[in-house]
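Visitor: Structure in structure tokens, see below.
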Amino acid sequence: MNISYIIQQILNALSLGSMLALLAVGYTMIYGVLGLINFAHGEVFMIGAFTAMFALKLGLPLWLVIIAAMLASVLAGILLERFAYRPVRGSGDITLFITSLAASIGIRSLFITFLGSKSHSFPVPEYLQGIRFMGDILITDLKLFIFGFTILLTVILTILLKKTNLGIAMRGVSYNKDTAEAMGINSNSVIVATFIIGSALAALAGVAWGLQYSNVRPNMGYLPGISGFIAAVLGGIGNITGAAISGFILGVGQVLFVGFLPSSFSGYRPLFVWILLFIILFIKPSGLFKANIKWE
Amino acid sequence: MQKNESKYLLSIENIEAGYGKVKVLHDISIKVKPGDIVTMVGANGVGKSTTLKSILNLVQLQKGSITFKNENISQLPPYEIVSRGIGYSPEGREVFGNLSVYENLRIGAYTIARNKFDERLETVYNLFPRLAERSKQESSSLSGGEQQMLAIGRALMQDPALLLLDEPSLGLAPIIAENIFEKLEEINASTGTTILLVEQNVNLALQLSNYAYVMEKGKIALEGNADKLMNDDYVKNTYLGIA
């Protein structure tokens with residue numbers, strides 16, 4: 001096993017890491033303002049991927065495909081917030097938690113009912129199929145594109161949260177919703193804005209997933225959703241940068257984990273996530289990075 | 001009862017409010033004239049904070065009405081009421097501990113136009129130079145007195161017509177409490193900001209105020225000009241500890 005093999009594995013893992021980072025950021029933002037672990041986030045991701053698949057099959061250009069996917073996921077996020085979570089807000093964390101599980105299973109089952117549980121092929125535009133070599137290391141244009149895009153989005157989002165009125169209001173609402181209202185902030189609007197941003201990021205992850213693995217299916221959101229959630233926990237829930245970095249750690253870690261095991265173990269890739277979660281929560285239950293919200 | 005609509009900035013009329021089935025306020029009426037400092041004094045748990053919260057609709061009214069600038073605000077959501085020109089410094093200060101001092105002040109200015117922000121920030125920093133020194137510091141690391149300055153400064157960011165203050169002296173060393181009260185006098189004198197104050201330190205509060213209400217068990221037990229109440233035998237015996 002040589003150094004270029006390891007570098008190759010890490011490069012392969014960066015796109016998976018990017019998708020998990022995008023999902024983790026959505027989880028962590030929604031948890032921040034609502035104290036809700038939004039288990040339907042994986043389904044919002046799946047809706048984005050399916051929309052992109054249909055849009056690509058219609059022959060739309062990539063930028064329009066991305067916009068369509070984002071619109072569909074954002075709509076799903078807004079509907080979830082308005083009709084699933086808002087009515088049960090204030091009736092306890094467990095109720096919210098179960099509602100999000102129900103929403104997750106419900107959306108998945110709906111898609112299976114209408115589209116079947118099988119995989120649908122996801123057409124990848126030719127201009128994203130380019131590859132290049134650095135020595136004996138192979139890099140695909142698609143991976144570079146996904147990775148670069150994710151880094152860019154994380155930076156933009158961090159600036160948004162740090163500098164803009166909306167970002168400061170989001171952090172204020174995450175610290176104390178009632179006080180934020182008493183300071184003139186409409187917390188419902190802030191919560192909706194958070195769902196919009198989180199769902200749009202999930203859509204981007206969904207498009208990336210489709211492009212990377214060339215297929216989509218109704219239960220595709222389940223494992224990435226859980227990985228994204230665990231990345232959010234590791235990142236110190238409420239912490240955007242922590243979530244993004246943890247997403248990458250999880251993605252790269254999963255790939256390396258099976259990369260160093262005999263090939264018959266390749267099906268055990270998700271196991272890495274659970275082992276890592278167990279170890280880190282055992283050593284540092286508050287997550288790897290500083291949580292940005294008040295624990296109650 | 002006949003009254004001149006324009007005479008009061010705020011009038012609370014015969015309100016009843018509480019939490020769930022527990023009624024905390026019974027038939028409370030309070031009037032605040034523009035430019036005045038009005039105080040509600042009384043022991044712990046008689047409903048002073050609940051009265052302030054009901055002004056912002058943080059507690060649901062069961063009866064009565066609240067009028068601010070000739071508008072009935074009792075059914076508006078809290079953020080709408082705040083944007084009408086009411087600044088609120090809550091009990092226990094409630095600064096956003098995860099935000100810096102500067103960011104807390106940004107939240108205080110949430111309802112005003114962006115081009116007024118710099119001027120307001122300068123005003124608040126001039127009033128509390130300590131906040132300017134600590135502007136980048138996370139507010140959970142401030143001392144109690146500094147957090148109180150921040151809570152008041154945050155409420156002042158929107159240049160409110162009415163400033164609601166809930167127990168600004170709570171948990172502070174006497175010298176710091178007096179310092180805060182001097183600032184309140186300065187705010188009122190320099191900009192004519194009307195203040196409605198809730199306070200357990202009756203002595204300090206009556207010295208600052210024009211008019212005062214004494215609350216007992218969710219009712220107004222006594223009201224009058226502050227200097228008159230200060231010399232009232234009942235108030236002296238019960239609240240000032242002077243025989």
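Visitor: Treating each Cα of chain A as an identical point scatterer and ignoring solvent, apply the Debye formula and state log10 I(q)/I(0) at q = 0.07, 0.11, 0.13 Å⁻¹.
Guide: -0.26, -0.64, -0.89
Visitor: Still on this model: To the nearest 500 deg cm²/dmol, what mean residue ellipticity at 222 nm is calculated for chain A from DSSP H runs of n ≥ 4 alone, each contributing -39,500 (n - 2.57), summed and divided by the residues?
Guide: Helix-only estimate at 222 nm: -23500 deg cm²/dmol.
Visitor: Using each residue's phi in segment A:248-257, evaluate 6.51 cos²θ - 1.76 cosθ + 1.60 at θ = phi - 60° and report the 3J(HN,Hα) Karplus result to the nearest Hz, with x for Gly and Pro.
Guide: Coupling constants for segment A:248-257: 5, 4, 5, x, 5, x, 4, 5, 5, 3 Hz.
Visitor: Now a separate question. Just the Kirkwood number for segment A:110-159, please: inverse of mean 1/r across all distinct Cα pairs, in Å, one decimal.
Guide: 14.1 Å
Visitor: Would you mind checking the radius of gyration and Dmax of segment B:1-156 based on alpha-carbon positions, in Å?
Guide: 17.1, 52
Visitor: Work out the length of the dipole vector of segment B:110-243 about its Cα centre, built from +1 on the beta-carbon of each Lys and Arg and -1 on the beta-carbon of each Asp and Glu, and round it to the nearest 20 debye.
Guide: For segment B:110-243, the charge dipole is close to 320 debye.
Visitor: A further question follows. At a threshold of 8 angstrom on Cα-Cα distance, excluding pairs fewer than six apart, so keeping six or more, what relative contact order does chain B reach in percent?
Guide: The value is 26 percent.
Visitor: Is the shape of segment A:10-156 best called rounded, prolate or oblate, per the rule: a/c under 1.5 gives rounded, else a/b larger than b/c gives prolate, else oblate, with a ≥ b ≥ c the square roots of the Cα gyration tensor eigenvalues?
Guide: Because a/c hits 1.5 or more and a/b exceeds b/c, segment A:10-156 counts as prolate.
Visitor: With a cut-off of 16 Å, note down the residues of segment A:1-15 whose backbone N falls inside the zone around a label point 7 Å from the Cα of A:F149 toward its beta carbon.
Guide: Only A:14-15 pass the distance filter.
Visitor: Right, next: Which ³J(HN,Hα) values, rounded to whole Hz and listed in residue order, are derived for segment A:77-86 from phi using the Karplus coefficients 6.51, -1.76 and 1.60 in 6.51 cos²θ - 1.76 cosθ + 1.60 with θ = phi - 60°, glycine and proline given as x?
Guide: x, 5, 5, 4, 4, 6, 9, 9, 8, 4
Visitor: Enumerate the lysines that A:K162 could reach by cross-link, defined here as Cα to Cα under 25 Å, with residues fewer than 8 away along the same chain left out.
Guide: Cross-link targets: A:K177, A:K290, A:K294, B:K116, B:K136.
Visitor: Then there's this: Test of understanding: what is the full-extension gain from B:K116 to B:R84, defined as 0.36 nm times their sequence separation minus their Cα-Cα distance?
Guide: Net length gain for the segment: 9.9 nm.
Visitor: Right, another one. Kindly provide the Kirkwood hydrodynamic radius of the protein assembly as shown in Å, to one decimal, from all pairs of distinct alpha carbon atoms.
Guide: With all distinct Cα pairs of the protein assembly as shown included, I get 26.0 Å.
Visitor: If you don't mind, another one. Among B:S74, B:G145, B:A173, which residue has its Cα furthest toward the positive end of the charge dipole of segment B:59-191, with +1 on Lys/Arg Cβ and -1 on Asp/Glu Cβ?
Guide: It is B:S74.
Visitor: Separate question: Taking Cα pairs under 8 Å and at least six residues apart, what relative contact order does chain A come out at, in percent?
Guide: Relative contact order comes out at 37 percent.
Visitor: For a footprinting-style exposure proxy, rank A:I107, A:I279, B:I86, A:I139 by other Cβ within 10 Å, fewest first.
Guide: Lowest to highest Cβ neighbour count: A:I279, A:I139, A:I107, B:I86.
Visitor: Right, something else. Taking the Cα centre as origin and putting +1 on Lys and Arg beta-carbons and -1 on Asp and Glu beta-carbons, what dipole magnitude results for segment A:9-126, to the nearest 20 debye?
Guide: So the magnitude is around 200 debye.
Visitor: Would you mind computing, in nm to one decimal, how far apart the modelled labels at A:D141 and A:I275 are, each placed 7 Å from Cα along Cα→Cβ?
Guide: Distance between the two pseudo-spin positions: 3.7 nm.
Visitor: Return the whole-Å distance between the Cα centroid of segment A:137-185 and the Cα centroid of segment B:68-145.
Guide: 23 Å
Visitor: Ratio to report: Rg/Rh of segment B:124-243, with Cα atoms as the point set and Rh obtained by the Kirkwood method; give two decimals.
Guide: Here Rg/Rh amounts to 1.00.
Visitor: Looking at segment B:61-139, which trypsin sites (Lys or Arg not before Pro) are DSSP coil and have at most 15 other C-beta atoms within 10 Å of their C-beta?
Guide: The qualifying sites are B:K69, B:K136.
Visitor: Consider a paramagnetic label point 7 Å from the Cα of B:D227 along Cα→Cβ; state which residues of segment B:174-191 have an amide N under 14 Å from it.
Guide: Taking a point 7 Å out along Cα→Cβ of B:D227, no residue of segment B:174-191 has its backbone N under 14 Å.
Visitor: Right, next: Enumerate the calculated ³J(HN,Hα) couplings along segment A:265-282 in order (Karplus 6.51 cos²θ - 1.76 cosθ + 1.60, θ = phi - 60°), each rounded to whole Hz, writing x wherever the residue is Gly or Pro.
Guide: Along segment A:265-282, the couplings run 8, 4, x, 8, 3, x, 4, 3, 4, 6, 4, 4, 4, 4, 4, 5, 5, 5 Hz.
Visitor: Here's a follow-up. Please name whichever of A:A193, A:Y31, A:I7 sits farthest to the positive end of the charge dipole of the protein assembly as shown, dipole taken about the Cα centre and charges placed at Cβ: Lys and Arg +1, Asp and Glu -1.
Guide: Farthest along the dipole direction, towards plus: A:I7.
Visitor: Please compute the average number of Cβ atoms from other chains found within 10 Å of each residue's Cβ in peptide A:163-170.
Guide: Mean shielding count: 3.
Visitor: Right, another one. Under unit Cβ charges (Lys, Arg +1; Asp, Glu -1), what dipole magnitude, rounded to 20 debye, does chain B have relative to its Cα centre?
Guide: Charge dipole of chain B: 560 debye, to the nearest 20.
Visitor: What lysines could a cross-link reach from B:K228, if we take a straight Cα to Cα line under 29 Å and drop same-chain neighbours fewer than 8 places away?
Guide: Those lysines meeting the cut-off are B:K3, B:K7, B:K31, B:K33, B:K48, B:K53, B:K69, B:K183, B:K217, B:K219, B:K236.
Where a number appears in this text, it was derived from the coordinates with a stated rule and is not lab data. Computed from a predicted structure; not experimentally measured. Reconstructed Cβ throughout: ideal geometry from the backbone, glycine too, with neighbour counts over all protein chains shown.
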